[in-house]
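Below: the structure, in structure tokens.
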Amino acid sequence: MIANQEYRKLDWWLVLAYIVLTLIGWINIFSSVYDPDHTQIFDVSQKYGQQFIWIITAYIIAFLILFILNPKIYRALAWLGYGTSLLLLLAVIFLGVEINGSNSWFAIGSIRFQPAELSKITTTLALAALMSKYGFRLKSIEGFIQTALIIIIPMIIIVMQKETGSALVYTAFIFMLYREGLSGWYLALGLLSIILFLVTLSFSPFVAIIILTSVIILARGFTSKYLVRHIILLIPYIYIMIISSKINKIPFINNLVDLPKEAWLAIVILPLIIYNIIQSFKKQSTKLWYISLIFVTSIMFIFSVNFFFEKILQDHQRARIENLLGINVDLKGAGYNVHQSKIAIGSGGFTGKGFLQGTQTKFNFVPEQSTDFIFCTIGEEWGFLGSSVLIFLYLFIIIRIINSAEKQKDSFNRIYGYSLASIIFMHFFINIGMTMGIMPVIGIPLPFVSYGGSSLWSFTIFLFIFIRLDLDRHH
Amino acid sequence: MAFEFRRKNILIMGVLAIALIFLIKLFNLQVIDQEYKITASNNAFRYDILYPARGLILDRNGKILVSNISSHDIIITPIEVREFDTLDLCNIFHLEIANVRAKLKEYHLYRRRIGYQSFPFVKQISAQEYSYFHEKAYKFPGFSAISRTTRYYPFNAGGNLLGYITEADTSFLRRNPSYKIGDYIGRTGIEQSYEQILKGKKGYNIYLRDVHNQVKSSYAGGKYDLPAVHGKTIISSIDAQLQQYVEMLMTNKVGSVVAIEPSTGDILTIVSSPGIDVAKLSEINKYYGEILNDPLKPMFNRATMSPYPPGSVFKLVNALIGLEEGVLTSETTYSCHGGYHVGRGVNCHSHPSPINLTQSIMMSCNTYYCIVFRNIIDNPKYNSVREGFLRWKELVESFGFGHKLGSDLPSEQAGKVPDAQDYDKIHGKNKWSSLSILSLAIGQGELGTTPLHLANLAATIANRGYYYTPHLIKGSPDTLINPEYTKRHYTLVDTSHFYQVIDGMYKAVNSPPGSGATATRVAVPGLDICGKTGTAQNPHGRDHSVFICFAPRDNPKIAVAVYIENSGYGATWAAPIASLLVEKYLTGQISRDYLEKYIVESNLLNNVLKNRQ
């Protein structure tokens, strides 16, 4: 229990933003599944009636966390919680029910529960417990491996449940790790590999290699004293690389040696790689070694992407990425959801059509419109104004959590706060991104807004543990 | 602390950047971009499709060959279907109730994919069915009648050359995404060739639905509605009267007739017999099975799709090549004693001997052309048989043989002029001589020419050395003619050589009986028909009867090729048909009623059917 006089120091702004989001969710769920035969918003036979129950129970849980539970238990039970959630994740593969092709749900009667939601919290707690330990260093090999394992183990199990989308959310921890001292290289490398991946698939490995080479030359420029020189060098080099794709079209040369254009490109960039490696030897510079290493592995990465894309991704995932990149746009197949979703959002206009007036999201056009595609309903009925309000609300919550986390004296709380902000951000980014067609369709809910008790409860617990921990700062 | 501060801010900037991207994208999607507002898959809109009337097809004299009559289709919008009396609906349109149920079940299964789309349910209903339905329409929510047009053929001619229209099938739709389910497309003939001109452009009216799925009003006062653009009229080069007359002559005969106006390349008549009656065209689906199972293949356009050996009419080509190559002059005389007896040899019929070039054409002497052909191939000008042969082939191909002429008949075939490699395969590389390929001398062997090629040959000779690509369309302000059709294609044979050959063709028809000329029976006084008979041996039984001609000799108006399968000598069947055609076209009447009656009443189908079994 906390003392009365400390209530005032509770982060009421966060609590308010949370309540507003849950209500926005409720109203829009009502609208998205609105049925003239069931106009009662509390009708528990309908999704909005059920969501009302979830919201009320979530508020009760929030109350319990804020005022009843002792905040010390989180640190104490972090490992037990982590272990339990791993067991649940494993158990659900065998004991769970299959929904939409994934084995990630427990069903008890009509109540369904997804352990992957819970394990985000327990993973965060475990990370916070590990990393706030005295003497922990992320930069030591031991510390790095421990941290990585804590994140990767649940990810692997979730992928085994065929819930790749939920597993993807775990990559958000990289933002927290960055704050905790992980080299910016990792973030940059992650970004580079995503860009190379997308470019390889949507254009060609050729273009990807040109981009990579440019990045490498720039990186060398930034690490040396001669940035301008490197940039001046870069421009003709890009030109030569582009020309190399045409060399095999010149009849004279083609008659002499018949090589594919990739080979010509290799001839052009090989000297650069060798030069890099020689320089690394000469100068004994770790940075240069890293650049050479990245250069070589990235090229291998680019060529293995195609393989990965064809062999490892499942059909529907491949279709979704292809659709996002505009390859094989199939409006009746994988592209259908996104197309309908864009029509719904687009038809909202500046001010929206008004509450219950959405025509696109009625009659089940956008599938999963009360869960993963709830943003469509908001976009259609509340327009640009309403959607912006929602985006600003998330922005407010995420930035407020980051700022508040930064102020924590206890590194456990800080790590927890950054993890929370990262996870909310990742959900926000993927979910809204996919409804607008700038991210592939990855079925994860919009925090606090999407229909479903499992998700709402988890995020409520996730958030309110932080609000409670934050209160201790004022002791 | 600077380090942490910096990293915190980098992360916050990242979040802000993403939020900014979202807001820009959102603004673009909701405020700027109109694409997602006015789209057919926008569920708030109901698109009522307006179908254009297809363009008319006229003959060269303005007679309507194909027009439209209005009919109705019943379309279904599955999402709007509520419970209804299936039996009642089936009774109106005489449908199988099980089929209807299966169809509805299928729509239900794919309802999400279908959305608010509509599909054709019953096509081309009768006026009576329409009035029944109209009365009871309120009982069948989700079903509505839309007005379509179907083809009507006021004049019974040209079933094969006009083509027909049918609903686009799935494979066509896949290849042509601009077409939608239920659209009609032209198949074969003019309908297919000029689909783009004839089809017009669909339009639509957009209506706005409210959230209760009620159509509220025309969207934006009809600002975005698109009226249908009707198809343009095609004026064809066909002479409908002549076409109809030739179709009558070809009753109960298998083969084809092509007539071309040499001075333009206009196809005046193109008949493939047996063909399709226009009465069946408008209901092609109903007759499709019957047409397909007919052993005489009425869908098959023999005039453009059947490469036959040309037979003796090809001697004209060899004569022209011989003259051009200088191995033959008008004075060249050879004697013939019942055939050419070198190697396997070629027989000849009995005729006066010796003969000169003009007489060789007039009497169609095989021996003469065996010698001429060997002289062409073994010409000492060239180093080898192969070179001589390749020169011959080059000249032959300059007449349009061996490749598609490029007409607007969609089914045109290239035919065949053999390659040196073909003979290498048969005899071994360069192990053949002019003797091994001697059958080419008299238009037999590996040659394949369509009746269209032969009519084009007749037109080329009529023009003294050039042809216009034969075509079915006449230009009009609405429909510009393909510029290729107004270009002269010259053969590699000099104009001066044609006069001697034409002289032979003239004499073949207009010599007195008993002179040995092959086609004296078909002469018409005053018409100056120049012709050449052919009798093509073939592996399918009796010889094909072939005749090509043009008339009049000076300033020719019409060039004709007639090919009658398995009927015998060229002079017996093909020549009279050609002659009647020419007379009808040039004079508008027939002076030889007995000949016309004889031709019309003769049934030559059995010759063909016997061989097909």
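The values are calculated or read from the model by the stated rules, or taken from the named source; none is laboratory data. If you're wondering where the values come from, they're calculated on a predicted model, not measured in any experiment. Cβ: placed from backbone, ideal geometry, glycine included. Neighbour counts: every protein chain shown.
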Which of (1) at pLDDT 90 or above; (2) assigned to a loop (DSSP other than H, G, I, E, B) is the odd one out, the single condition residue B:439 does not satisfy?
(2)
For the stretch B:303-360, the count of residues that are in contact with a Leu (Cβ under 9 Å, 6 or more places away or on another chain), among the aromatic types (Phe, Trp, Tyr) and either farther than 30 Å from residue B:247 by Cβ or not assigned by TED's automatic domain parsing to the domain that holds residue B:448 (or both) equals 1
Quick check, is residue B:276 surrounded by 15 or more Cβ atoms within 10 Å (Cβ to Cβ), within 26 Å of the chain's Cα centre (by Cα), of a type in the set (A, V, I, L, M, F, W, C) and not in a loop (DSSP other than H, G, I, E, B)?
no
Looking at this structure, is residue A:198 assigned to a helix (DSSP H, G or I), surrounded by fewer than 17 Cβ atoms within 10 Å (Cβ to Cβ) and touching a residue at least 40 places away in the same chain (Cβ under 8 Å)?
yes
Let me confirm something: among B:48, B:59, B:33, which residue is in contact with a strand residue (DSSP E or B) (Cβ under 7 Å, 6 or more places away or on another chain) and modelled with pLDDT under 85?
B:48
Per the filter on the stretch B:401-451, residues touching a residue at least 40 places away in the same chain (Cβ under 8 Å) and among the aromatic types (Phe, Trp, Tyr) are B:401, B:432
Filter result for residue A:175 (among the hydrophobic types (A, V, I, L, M, F, W, C) and either within 17 Å of residue A:417 (Cβ to Cβ) or part of a helix (DSSP H, G or I) (or both)):
yes
In the stretch B:70-123, the residues that are among the basic types (Lys, Arg) and over 23 Å from residue A:336 (Cβ atoms):
B:82, B:101, B:123
Give the number of residues within the stretch A:374-409 that are within 9 Å of another protein chain (Cβ to nearest Cβ) and closer than 15 Å to residue A:424 by Cα.
9
Within the stretch B:416-457, the count of residues that are under 19 Å from residue B:378 (Cα atoms), touching a strand residue (DSSP E or B) at 6+ places or on another chain (Cβ under 8 Å) and hydroxyl-bearing (Ser, Thr, Tyr) comes to 1
Entirely in the stretch B:147-226, the helices (runs of 4 or more DSSP H) that have 2 or more residues that are farther than 26 Å from residue B:68 by Cβ:
B:170-175
What are the residues in the stretch A:140-166 that are touching a residue at least 24 places away in the same chain (Cβ under 8 Å), more than 25 Å from residue A:408 (Cα to Cα) and hydrophobic (A, V, I, L, M, F, W, C), if any?
A:153, A:157, A:158, A:160
Complete set of residues in the stretch A:87-145 that are part of a helix (DSSP H, G or I) and among the polar types (S, T, N, Q):
A:119, A:122, A:123, A:124
Restricting to the stretch B:146-162, give me the number of residues that are crowded, with 17+ Cβ neighbours inside 10 Å, at pLDDT below 85 and of a type outside the set (S, T, N, Q).
4
Helices (runs of 4 or more DSSP H) completely within the stretch B:317-413 that count 2 or more residues being at positive phi:
none
Does the stretch A:266-273 contain any residue that is buried (at least 16 other Cβ atoms within 10 Å of the Cβ), in the same structural domain as residue A:302 (by TED's automatic domain parsing) and of a type outside the set (A, V, I, L, M)?
no
When the stretch A:175-187 is checked residue by residue, the ones that are in contact (Cβ under 8 Å) with a residue 24 or more places away in the chain and closer than 19 Å to residue A:439 by Cβ are A:175
Among B:256, B:237, B:218, the single one that is of a type outside the set (Asp, Glu) and without any contact (Cβ under 8 Å) to a residue 40 or more places away in the chain is B:218
With respect to the numbered conditions (1) touching a Gly at 6+ places or on another chain (Cβ under 9 Å); (2) within 29 Å of residue A:309 (Cα to Cα); (3) of a type outside the set (Lys, Arg), which one is the sole condition not fulfilled by residue A:190?
(1)
For the stretch A:216-223, indicate whether the set of residues that are among the aromatic types (Phe, Trp, Tyr) and surrounded by 13 or more Cβ atoms within 10 Å (Cβ to Cβ) is non-empty.
no
Can you say whether residue B:99 is within 30 Å of residue B:475 (Cβ to Cβ) and either of a type outside the set (A, V, I, L, M) or in contact with an Asp or Glu (Cβ under 6 Å, 6 or more places away or on another chain) (or both), as far as the supplied structure shows?
no
Within the stretch B:11-33, work out how many residues are assigned to a helix (DSSP H, G or I) and either at the interface with chain A (Cβ under 8 Å from one of its Cβ atoms) or surrounded by 15 or more Cβ atoms within 10 Å (Cβ to Cβ) (or both).
16
Here is a check on your reading of the model: is residue A:442 within 17 Å of the chain's Cα centre (by Cα), at the interface with chain B (Cβ under 8 Å from one of its Cβ atoms) and not polar (S, T, N, Q)?
no
Restrict the check to the stretch B:430-448 and report whether at least one residue is farther than 23 Å from residue B:347 by Cβ and crowded, with 22+ Cβ neighbours inside 10 Å.
no
Would the stretch A:222-230 turn up any residue that is farther than 30 Å from residue A:439 by Cα, of a type in the set (D, E, K, R) and at pLDDT below 75?
no
